[in-house]
1. Show me the helices (runs of 4 or more DSSP H) entirely contained within segment 260-335 in which 2 or more residues are aromatic (F, W, Y), out of contact with any strand residue (DSSP E or B) (no Cβ under 6 Å at 6 or more places or on another chain) and surrounded by 12 or more Cβ atoms within 10 Å (Cβ to Cβ).
2. Tell me which of these L213 doesn't satisfy, since it passes every other one: (1) at positive phi; (2) in contact with a Gly (Cβ under 9 Å, 6 or more places away or on another chain).
3. Just give me the residues in segment 117-146 being more than 24 Å from the chain's Cα centre (by Cα) and not polar (S, T, N, Q), in sequence order.
4. Please name all residue pairs, on different chains or six or more residues apart, with Cβ atoms under 7 Å, provided the first residue is in segment 175-201 and is without any contact (Cβ under 8 Å) to a residue 40 or more places away in the chain and the second residue is open to solvent by 70 Å² or more (accessible area, probe 1.4 Å) and assigned to a helix (DSSP H, G or I).
5. Being under 23 Å from A230 (Cα atoms) and in contact with a Cys (Cβ under 9 Å, 6 or more places away or on another chain) is the requirement here; does D253 meet it?
6. Counting just the residues of segment 178-210 that are more than 38 Å from the chain's Cα centre (by Cα) and of a type in the set (A, V, I, L, M), which one comes out least open to solvent (accessible area, probe 1.4 Å)?
7. What number goes with the only condition from (1) part of a loop (DSSP other than H, G, I, E, B); (2) open to solvent by less than 50 Å² (accessible area, probe 1.4 Å); (3) more than 17 Å from V40 (Cα to Cα); (4) touching a residue at least 12 places away in the same chain (Cβ under 8 Å) that L106 does not pass?
8. What's the number of the condition M176 fails, among (1) among the hydrophobic types (A, V, I, L, M, F, W, C); (2) closer than 30 Å to V345 by Cβ; (3) touching a Phe, Trp or Tyr at 6+ places or on another chain (Cβ under 8 Å)?
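The values are calculated or read from the model by the stated rules, or taken from the named source; none is laboratory data. Just so it is clear, the structure is predicted and the values come from calculations on it, not from any experiment. Glycine gets a Cβ as well: all are built from the backbone with ideal geometry, and neighbour counts include every protein chain shown. Accessible surface is based on the protein model in full, side chains and every heavy atom, while ligands, DNA and RNA are left aside. Shrake-Rupley method; radii C 1.70, N 1.55, O 1.52, S 1.80 Å.
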Amino acid sequence: MNKCHSNTESSSHEGTRCQFNGGRCAIKLGIDVHQDFYVVVEQVGGTNPKPPQRFAKQAFLYWAAKLKQSGAEVHAVYEACGFGFTLQRQLAAVGIVCHVVCPQKLDERNKRMKTDGLDAKALCLKLDRFMQGNRDALAIVRVPTEEEERSRAIHRQREQLVGARKRLEAQGRSLMVNHGLEPVQNWWKPRTFAALQLPQWMRELLLNSQPILLALQEKIAALTLQLQSAAAPNQPRGVGKMTSVVIDREIGDWHRFNNRRQIASYTGLCPGEYSSGNTRLQSCVTKHGNPRLRAALVELAWRLVRFQPHYKPILKWRSTLAKAALATGAARKKAIVAVARQLAVDLWRVRTGRCKPEVLGLEI
């Protein structure tokens with residue numbers, strides 16, 4: 001086994017050299033990310049990881065830059081979280097290779113012990129195995145470009161505004177039902193609200209929400225128009241402009257997938273499996289991947305049942321998905337998931353120029 005030999009102290013990385021491959025020892029950093037600080041575990045070459053250190057954000061970036069300036073090969077890893085990819089970009093800017101991985105349970109021995117230091121150490125050890133050639137040690141997350149993040153933030157904000165509108169509208173209907181009145185759809189719209197037969201006290205309460213709902217609807221309409229204007233022309237029938245933009249921006253770069261299995265896995269629409277010995281059991285879909293993309297694909301698949309009757313997956317599942325089909329709700333859901341999964345693969349083929357929509361049975 002190759003071992004690293006260094007004559008330097010642990011606090012210094014100047015001149016640290018490794019006997020294998022004729023290069024410097026690689027330094028691995030496992031990072032546990034928090035809002036105000038980072039907990040970091042460092043491993044030099046094949047030595048044991050050092051005790052965890054806690055850094056303020058700017059102090060860590062300065063320390064990491066000093067490591068890189070010493071001439072060492074530095075690699076880092078942290079889990080994807082709500083703080084985005086800023087840290088990855090900052091480390092990449094100073095020449096550090098930083099991987100972002102899927103959140104996971106890091107207590108591999110099931111000791112029921114979880115601390116920031118233990119998590120950072122587990123990430124560091126996984127990174128060490130990854131660098132030694134075990135590509136299954138880390139579940140790497142693709143880091144989108146800043147332009148991709150900006151573009152997809154638009155439809156995600158629209159989605160949030162639609163959710164806020166639905167909640168406020170439901171609160172108004174709930175108020176009516178709780179006091180024995182029939183709920184009115186879209187009660188907040190000016191003409192409908194003016195015609196409501198309500199007690200004065202209830203009208204005053206609803207007036208607190210109505211201006212907010214009107215403002216939300218105005219913003220939603222503006223974002224909808226902005227997104228639809230960005231859609232590519234000549235879309236297949238049933239593939240709405242909004243859905244097309246959402247799918248394209250959630251994917252980011254269609255060319256990053258090398259085969260149909262990768263794109264199908266990213267949607268999370270593949271069946272789960274629990275098999276052992278002579279038993280083989282397939283369960284519900286894994287839901288591993290992008291939830292917004294998955295929802296858009298299923299919604300689009302239902303539309304294609306109506307607008308693209310000659311699409312090959314629709315023809316395959318017509319006996320289950322037809323309007324008068326004698327199929328249970330569960331069977332219809334399974335069929336539409338299969339259509340959505342194949343639809344993702346076909347969209348990948350079309351977007352990457354592997355085939356034309358007409359070949360797949362999609363009418364323009």
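1. Numbers: elements: 260-267, 291-307, 312-316, 318-321.
Fully inside segment 260-335 and qualifying: 291-307.
2. Unmet for L213, out of (1) at positive phi; (2) in contact with a Gly (Cβ under 9 Å, 6 or more places away or on another chain): (1).
3. Of everything in segment 117-146, those that are more than 24 Å from the chain's Cα centre (by Cα) and not polar (S, T, N, Q) turn out to be G117, L118, K121, L125, D128, R129, M131, G133.
4. From residues that are without any contact (Cβ under 8 Å) to a residue 40 or more places away in the chain, the pairs are L175/L205; P183/V177.
5. Criteria not met by D253.
6. The selected residue is M202.
7. (3)
8. (2)
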